[in-house]
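The values are calculated or read from the model by the stated rules, or taken from the named source; none is laboratory data. Being a predicted model, the structure only gives us computed values, none of them experimental. As a convention, Cβ positions derive from the backbone with ideal geometry for all residues, glycine included, and neighbour counts pool all protein chains shown. We work out accessible area using only protein heavy atoms, side chains counted, and drop any ligands, DNA or RNA first. Shrake-Rupley method; radii C 1.70, N 1.55, O 1.52, S 1.80 Å.
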Amino acid sequence: MPFWTGRRALSGILLAMVLLALGWAAVVVTVAVHAARDQATGTDAIVVLGAAQYNGRPSPVFRARLDHAATLYQRGLAPVVLVTGGIGARDSLNEANVGRDYLVRLGLPGEAVLPLAGGHDTHASLEQVQSWFEGRDSRRVLLVSDGFHMLRLEIIARRLGLTPYTSPAAASPIHANVRRNTEYLFAEGFKVPVTWLFQR
């Protein structure tokens, strides 16, 4: 009798699906744990991950990240704020420059806020940060984004030779919306393994 009978094949498929589901759930729990953790400490730079901007105005999500970064800077946790972000579809302004202008309007010194434009996704944005640190011995960064983003940011940053600490923007509209935040956490259950396996 062949080993792979119909029943054994079906059982194997079901077992694989259960294991994949358990693995996904474990990643989601890990993402949620990282999302709730604030590691704010002294670093060489605060890094704000870009989000949408509307005709030169940061979106509510981006504004929450920028406000949080401003608070961290005012606490003296880093001498410089690096704002990342590229140009979105059908936009003419890049997020990095819009974020920089917003922080200067909040009262941060212009020379302490640097836009790192050109990052079209998370990995590309952190590559811009890596380039900024070239030639520097210490590469401690305090990453500011939404909580769901933190585990993936940390993985990418470490692979790029940075020493990351994370500080989520608790006032983000995403964090305040349970359904929306849960959707993002669930999506990270897929994105984190892809990042871990393929973005090296």
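Structure above, values below:
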item: Selection from region 120-153 of residues that are part of a loop (DSSP other than H, G, I, E, B), touching an Asp or Glu at 6+ places or on another chain (Cβ under 7 Å) and surrounded by 15 or more Cβ atoms within 10 Å (Cβ to Cβ); result: R139
item: Scan of region 94-112 for residues that are aliphatic (A, V, I, L, M), surrounded by 17 or more Cβ atoms within 10 Å (Cβ to Cβ) and not in a helix (DSSP H, G or I), ordered by number; result: L108
item: Those residues of region 178-200 which are surrounded by fewer than 17 Cβ atoms within 10 Å (Cβ to Cβ), free of Cβ contacts under 8 Å to residues at least 40 places away in the same chain and under 20 Å from L22 (Cα atoms), in sequence order; result: T182, E183, A187, V194, L197
item: Answer from W24, W4 - the residue that is open to solvent by 30 Å² or more (accessible area, probe 1.4 Å), within 29 Å of K191 (Cα to Cα) and either at pLDDT below 85 or touching a helix residue (DSSP H, G or I) at 6+ places or on another chain (Cβ under 9 Å) (or both); result: W24
item: Residue list for region 48-88, restricted to those being crowded, with 18+ Cβ neighbours inside 10 Å and in a loop (DSSP other than H, G, I, E, B); result: L49, G50, A51, L77, A78, G86
item: Cβ-Cβ under 9 Å pairs, at least 6 apart or on other chains, region 165-177 side farther than 12 Å from L66 by Cα, far side aromatic (F, W, Y) and surrounded by 15 or more Cβ atoms within 10 Å (Cβ to Cβ); result: I174/F148; I174/Y184; H175/F148
item: Number of positions in region 37-47 that are assigned to a strand (DSSP E or B) and either closer than 21 Å to G88 by Cα or basic (K, R) (or both); result: 1
item: Failed condition for P115, given (1) under 24 Å from L160 (Cα atoms); (2) surrounded by fewer than 19 Cβ atoms within 10 Å (Cβ to Cβ); (3) within 17 Å of the chain's Cα centre (by Cα); (4) not acidic (D, E); result: (2)
item: Qualifying residue in region 157-169 (condition: part of a helix (DSSP H, G or I), touching a strand residue (DSSP E or B) at 6+ places or on another chain (Cβ under 9 Å) and surrounded by fewer than 24 Cβ atoms within 10 Å (Cβ to Cβ)); result: yes
